[in-house]
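Engineer: The structure's right below; bear with me while I get my questions together.
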C-alpha cells in the first residue's frame with residue numbers, strides 16, 4: 001500500500017531547497033546511502049525491471065504515467081503514481097524492499113541516480129531536458145515550501161551544487177551519455193516527448209515489450225497530456241506538508257522555453273556550459289542543447 005511521505009522523505013524533499021549547506025550535504029548523504037544499499041544487495045533486481053532515469057524536473061512524472069497506462073490498459077485507480085511506479089531511492093531509505101519485491105513484473109521505478117549508482121540489468125528510459133528549463137522548473141517547485149530566494153540566486157546555487165540529486169545536471173547527463181546506444185537504454189529528450197506523445201508511447205511500448213492496441217493510443221495520449229494530469233494533480237503532486245497554497249501546484253506548464261525566465265547573464269552562462277559539454281561529449285558545435293540530441 002502506498003504511504004504518504006514520512007519524516008525521512010520530508011527531509012529528502014526539503015534537501016532539494018538550497019537554503020543551507022547543511023540540507024545540501026544531507027541530500028548527498030541520503031543518495032550515498034542508497035548507493036551503498038543497492039551495492040550490498042538489499043534490493044533484488046529483475047531482468048525485466050524498467051527504470052525511468054532523469055534529473056529532477058525533467059519529465060519523470062509524465063513517463064511514470066505513460067508506462068502505467070501502457071501496462072494497465074489505462075488504469076486510474078492508483079492513489080498516487082509513486083504507488084505504481086515507486087521512487088526507488090525513497091523506498092530503499094524506508095526499508096521497503098518487501099513492497100518492491102511484491103510488485104508485479106515488469107516493475108517500473110523512477111530514479112534520479114547516476115548510471116553507475118544503479119544495479120546492472122534491467123532496462124532504462126533516460127530522459128534529458130534542457131537545463132535552462134530544468135532550473136526554472138526546479139525554482140518554481142522549491143518555492144512551494146518557501147525559503148528560496150530569487151531565480152538568479154537559485155540558479156547560481158543550482159550550477160554550483162545541483163538540486164535534488166547527488167550530482168549536477170551536467171554530471172548526470174555525462175554519466176548517461178556513453179550508454180545512449182546501449183540495447184537496454186532508450187534515450188529520450190523531454191522536448192521530443194511532449195512534442196510527440198503518440199510517437200513516444202509507441203517507442204516506449206516497443207522498448208518495454210508492452211503491447212499497444214491501436215484503439216488505446218488516443219486514450220494514452222489524452223491521459224498523458226498536461227490538461228488531464230492537471231485535472232488529476234492529486235495523483236502526481238509530490239509536495240509535502242508545509243507547501244504554500246497560494247503558489248501554483250506541482251504540474252505547472254510542461255513547456256520547452258529554453259529558460260525564458262532566466263536573466264540574460266545566466267542564459268549566456270548556461271549556453272557556454274552547454275557548448276563546452278557538447279564539445280566534451282564529442283558533439284559537433286552548434287546549438288548548445290540540440291547538438292546533444294543528434
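None of the figures in this text is laboratory data; all of them are computed from the coordinates on show. Given the structure is predicted, the values throughout are model-derived calculations rather than measurements. So basically every Cβ, Gly included, is an ideal-geometry build from the backbone, and we count neighbours across all protein chains shown.
Engineer: Order these by the 10 Å Cβ neighbour count, fewest first: 58, 211.
Structural biologist: 211, 58
Engineer: What is the extension gain from residue 268 to residue 78, computed as 0.36 nm multiplied by their sequence separation minus the C-alpha to C-alpha distance, in nm to one decimal?
Structural biologist: Fully extending the segment from residue 268 to residue 78 adds 64.1 nm.
Engineer: Report, as a whole number in µm² per second, the diffusion coefficient that Stokes-Einstein gives for segment 62-207 at 4 °C and 1.567 mPa s using the Kirkwood radius over alpha carbon pairs.
Structural biologist: Taking Rh from Cα pairs, D becomes 76 µm²/s.
Engineer: Can you put 132, 46 in order of Cβ neighbours within 10 angstrom, beginning with the fewest?
Structural biologist: With the fewest neighbours first, 132, 46 line up as 46, 132.
Engineer: In whole percent, what relative contact order does segment 38-104 give with Cα contacts below 8 Å and a gap of six or more residues?
Structural biologist: It comes to 29 percent, rounded to a whole number.
Engineer: So how do 235, 230 line up by other beta-carbon neighbours within 10 Å, fewest first?
Structural biologist: Ranking 235, 230 by Cβ neighbours within 10 Å, fewest first, gives 230, 235.
Engineer: Using alpha-carbon positions, what is the distance between the centroids of segment 173-198 and segment 81-120, in Å?
Structural biologist: Measuring centre to centre over Cα atoms gives 20 Å.
Engineer: Pulled fully out, how much extra length does the chain show between residue 104 and residue 214, if you take 0.36 nm times their separation in residues and subtract their Cα-Cα distance?
Structural biologist: 37.1 nm
Engineer: So what is the relative contact order for segment 89-203, in percent, with contacts set as C-alpha pairs under 8 Å and at least six apart?
Structural biologist: 35
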